[in-house]
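Step one of this worksheet: look at the structure below.
The values are calculated or read from the model by the stated rules, or taken from the named source; none is laboratory data. Given the structure is predicted, the values throughout are model-derived calculations rather than measurements. Here the Cβ positions follow ideal geometry from the backbone for every residue, glycine too, while neighbour counts run over all protein chains shown. The area values use the complete protein model at the heavy-atom level, side chains included, leaving out ligands, DNA and RNA. Shrake-Rupley method; radii C 1.70, N 1.55, O 1.52, S 1.80 Å.
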Amino acid sequence: MHKSQLCIMHLALCIIALLSACTNDAYESGDGRYSYLRADFTEAHTIAAKTFDSATTDDGETLRLDPYATADWAEKADTVYRALLYYNKVEGAAACEPVTIARVPVLYPIDDDKIEGEKKTDPVTFESLWVSANGRYINLALLLKTGKADDPEAVQSIGITKEQSADGQLTLRVLHDQGTVPQYYTSRIFLSIPVTDDLDGHSIRLIVNTYKGIVEKTIAL
């Protein structure tokens, strides 16, 4: 992963730009160009800045991209980024055709007692929670309210805290600060939490404050 970016995310409570799931408005039915469109969560490799040459899916399949995929957010060469890749795959072909690639923010949980100041939990909409097939990530899909703010520097922030009870129960809590961003429409965001050694083998409880109240989900790693 892009270590310097992850460090910035960690120190800033994982402040992120809102990323909606990429879709292709030009989807065609039948045997058109997008008839075989697939989407996979991947670890994608850059051969140069802003240029991806390959990606490994959570199922363990390595995809060679032809042509290369490009994204302005991939600033470093020879770096692995967490990404959602949309692509066309033809049976028997040696490579796949990328359609678009969207960054998936990677959030490292921060110990709850190490955070100073207010821990805001402005509501979101919870969609789903799952562990990747390779066991490397806890993935989370949320819907956030957003819109164009008068202040060009207005941002939302989101992060994850971690705490362990006396009986060993690990709890992850979603922090969210709506800031001054208006709530005109809904945007979907996918987040990945690495299954580090301190999480692996535990039963994890996730707590999310939603518009309908607190949602609690439990997963076993």
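With the full set of protein chains in place, find how many percent of the accessible area of the stretch 121-221 is carbon and sulfur; take the probe as 1.4 Å. Before the final figure, lay out each step's value.
Values: 2310 of 5070 Å².
Roughly 46 percent, rounded to a whole number.
Could you let me know the centre-to-centre spacing of the stretch 80-101 and the stretch 198-221, using Cα atoms, in angstrom?
31
Once you've got the Cα coordinates, tell me which of Lys114/Lys148; Lys119/Lys217; Lys119/Lys148; Lys120/Lys148 are over 28 Å apart.
Lys114/Lys148
Sequence-distant or interchain residues sharing an amide H contact under 5 Å with Ala69, placed H: which?
Residues meeting the amide H criterion: Phe52.
Which FRET efficiency, nearest 0.05, do Lys89 and Leu143 yield, Cβ-Cβ r, R0 25 Å?
Working from the Cβ atoms, E equals 0.30.
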